[in-house]
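Student: Dumping the structure here so I can ask a few things about it.
No value in this document is a laboratory result; all are computed from the given coordinates. Just so you know, these numbers come straight off a predicted model, no measurement behind them. Cβ coordinates were reconstructed from backbone atoms using ideal geometry, including for glycine residues, and neighbour counts include every protein chain displayed.
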Amino acid sequence: MTKEEQIIAFSRSDAPQWFVMRDLKRNNAKLPAYKMLSEMKIEIFTPMKWKIVTKEKKRIPQKVPFMQDLLFVHVTRKILDPIVERTSTLQYRYLRDGFRTPMTVRDTDMERFIRAVESADNPQFYAPKDILPSMIGKTVRIIGGPLNDYVGKLQKMQGSKVKRIFIELSNLLTASIEVQPEYIQIL
């Protein structure tokens, strides 16, 4: 079986997978895809950040998606295909392989990323193009704490006493998570 046939067979699997999706709705839409899919009891993950929004002349902090069009959906393709067909603003992100193969993230990688992001009070997110070589420090392993056994690169921050580690998700997104110095082992 060729690599292309393996990818196609894998994408037709009946097992739930983490699909990488696009939500083309506007920022101020009343029912963005992540809310719609949550209401349908489908497991989703979208990286969120705090933003001050004005509602009825009051400024309030609210969690909003870090990237409006990025969404991860954990479900089978049989369930997701009909939803995508009837929702014109919800699309698969495809691999650039010429076969229109939907992008997926391995369960272990996605669960690891979600666990890291949820363990932090204030995760910072970066698109791959936003991380400059000057921001990347030493490779470390975390020993103990909520991020036990995570391996990643430290984030270089001039003059800061706070240590942060980059947790990458398949060249799609990177989170910077605060780590206590006593848990850091330099590799």
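Student: What list of ³J(HN,Hα) couplings, whole Hz, do you get for region 94-105 from phi and the Karplus terms 6.51, -1.76, 1.60, once you set θ to phi - 60° and write x for glycine and proline?
Tutor: Karplus-based 3J(HN,Hα) across region 94-105 equals 10, 5, 8, 10, x, 10, 6, 7, x, 6, 9, 10 Hz.
Student: Under 22 Å between alpha carbons, and skipping anything fewer than 8 positions from Lys138 in its own chain: which lysines qualify?
Tutor: Lys129, Lys153, Lys156, Lys161, Lys163
Student: Just to confirm a number: summing +1 for Lys and Arg and -1 for Asp and Glu over residues other than Trp18 whose beta-carbon lies under 11 angstrom from that of Trp18, what do you get?
Tutor: The answer is -3.
Student: Also: Order 55-63, 124-132 from most to least packed using the mean count of other Cβ atoms within 10 Å.
Tutor: 124-132, 55-63
Student: Set the Förster radius R0 to 30 Å, insert the Cβ-Cβ distance between Ala15 and Glu168 as r into 1/(1 + (r/R0)^6), and round the FRET efficiency to 0.05.
Tutor: The pair Ala15/Glu168 has a calculated efficiency of 0.80.
Student: What percentages, rounded to whole numbers, describe P(r) for region 121-186 computed over all alpha carbon pairs with 10 Å bin width beginning at zero?
Tutor: 22, 58, 21, 0
Student: Check which residues have an amide H placed less than 5 Å from Tyr94's amide H, if you skip close sequence neighbours.
Tutor: HN-HN under 5 Å from Tyr94: Met103.
Student: Then there is this: Only one of the values (1) 1.15; (2) 0.94; (3) 1.27 was calculated from this structure for Cα Rg over 2.2 N^0.38 Å; name its label.
Tutor: Among (1) 1.15; (2) 0.94; (3) 1.27, the one derived from this structure is (1).
Student: Another question about this same structure. In region 136-180, which trypsin sites (Lys or Arg not before Pro) are in a loop and have at most 16 other Cβ atoms within 10 Å, using DSSP for the loop call?
Tutor: Qualifying residues, ordered by number: Lys156, Lys161.
Student: Something else now. Sorted from largest down, give the three principal axis spans of the alpha carbons of region 14-105, whole angstrom values.
Tutor: So the three principal-axis extents are 48, 27, 21 Å.
Student: At a Förster radius of 22 Å, what calculated FRET efficiency corresponds to the Cβ-Cβ distance of Leu24 and Tyr94, to the nearest 0.05?
Tutor: 0.90
Student: How far apart, in nanometres, would the label points at Glu118 and Lys156 be if each is projected 7 angstrom from Cα along the Cα-to-Cβ direction?
Tutor: Reported label-point gap for Glu118 and Lys156 is 3.4 nm.
Student: In sequence order, what are the phi-derived ³J(HN,Hα) couplings for region 147-157 according to the Karplus relation 6.51 cos²θ - 1.76 cosθ + 1.60 with θ = phi - 60°, rounded to whole Hz, with x for glycine and proline?
Tutor: Coupling constants for region 147-157: 9, 3, 6, 6, 10, x, 9, 6, 8, 7, 9 Hz.
Student: Taking H as built 1.01 Å from N, whose amide H comes closer than 5 Å to the amide H of Leu70, not counting residues under 5 places away?
Tutor: Answer set, sorted by chain and number: Asp23.
Student: Can you give the calculated 222 nm mean residue ellipticity of the chain, where each DSSP H run of n ≥ 4 adds -39,500 (n - 2.57) and the sum is split over every residue, rounded to the nearest 500 deg cm²/dmol?
Tutor: -6000 deg cm²/dmol
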